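Read through the structure below, which is laid out as structure tokens, and then see the notes.
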Amino acid sequence: MGQLIYDGRPLDLRIDDRALTHLQIVIVNMLRRDHRFAFSWKDDVVHGNGRSTIWLNPNVSLHFKFTGSRVPSINRSWLEDLYASATSGSGLVLTPEPPDTSTADDSAWSRAVAPGDADDASAATSKSASGTTRSSTAR
């Protein structure tokens with residue numbers, strides 16, 4: 001069970017590494033695009049069985065703590081659902097994983113890659129105005 005640490009404080013949110021990986025992709029990509037949004041989840045029964053919400057913005061410190069070392073396969077359909085939720089008025093809500101029905105023609109949102117994926121590094125190379133190729137991996 002992984003954990004999300006928000007602004008230096010662990011949240012009362014224990015989540016399996018697979019779901020946390022999908023949340024990480026959505027949250028990091030949204031914040032990278034300077035979006036601000038709410039993230040809500042259902043609390044565990046030991047914490048009252050209610051729900052909690054935090055406000056996410058590019059200035060807040062986040063730490064995604066995984067218990068396992070393997071990056072799971074990515075379900076693009078789940079990413080689509082999570083992105084749609086994040087851009088809605090109610091904000092990002094963790095939903096159960098749907099079957100992966102995605103195709104290569106899915107939207108750009110679903111083309112996010114897992115952290116450390118080789119495609120991520122190649123996509124970071126761009127041409128500067130002078131025509132020379134430079135790497136923009138330092139984000």
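The values are calculated or read from the model by the stated rules, or taken from the named source; none is laboratory data. Just so it is clear, the model here is predicted, and its values are computed rather than measured. No Cβ is skipped: glycine too gets one built from the backbone with ideal geometry, and neighbour counts run over all protein chains shown. Ligands, DNA and RNA are excluded from the accessible area calculation, which covers all protein heavy atoms including side chains. Shrake-Rupley method; radii C 1.70, N 1.55, O 1.52, S 1.80 Å.
The modelled label-to-label distance for the pair residue 63/residue 51, using points 7 Å beyond Cα in the direction of Cβ, is 2.9 nm. Each of 63, 22 has its accessible area taken with a 1.4 Å probe; listed largest first, they run 63, 22.
Ordered by solvent-accessible area of protein heavy atoms (1.4 Å probe), largest first, the residues 78, 55 come out as 55, 78. Per-residue accessible area (protein heavy atoms, 1.4 Å probe) orders 60, 45 as 45, 60, starting from the largest. Report the paramagnetic label zone for residue 71: residues of segment 1-23 whose backbone N is under 12 Å from a point 7 Å from Cα along the Cα-to-Cβ axis. Residues passing the 12 Å test: 21-22. Near residue 17: Cβ cut-off under 12 Å, other residues only, Lys/Arg at +1 and Asp/Glu at -1. The net charge is +3. Heavy-atom accessible area for residue 37, with the other protein chains in place and a 1.4 Å probe, reaches approximately 10 Å². If the segment from residue 28 to residue 5 were pulled out straight at 0.36 nm per residue, it would be longer than the present Cα-Cα gap by 6.9 nm.
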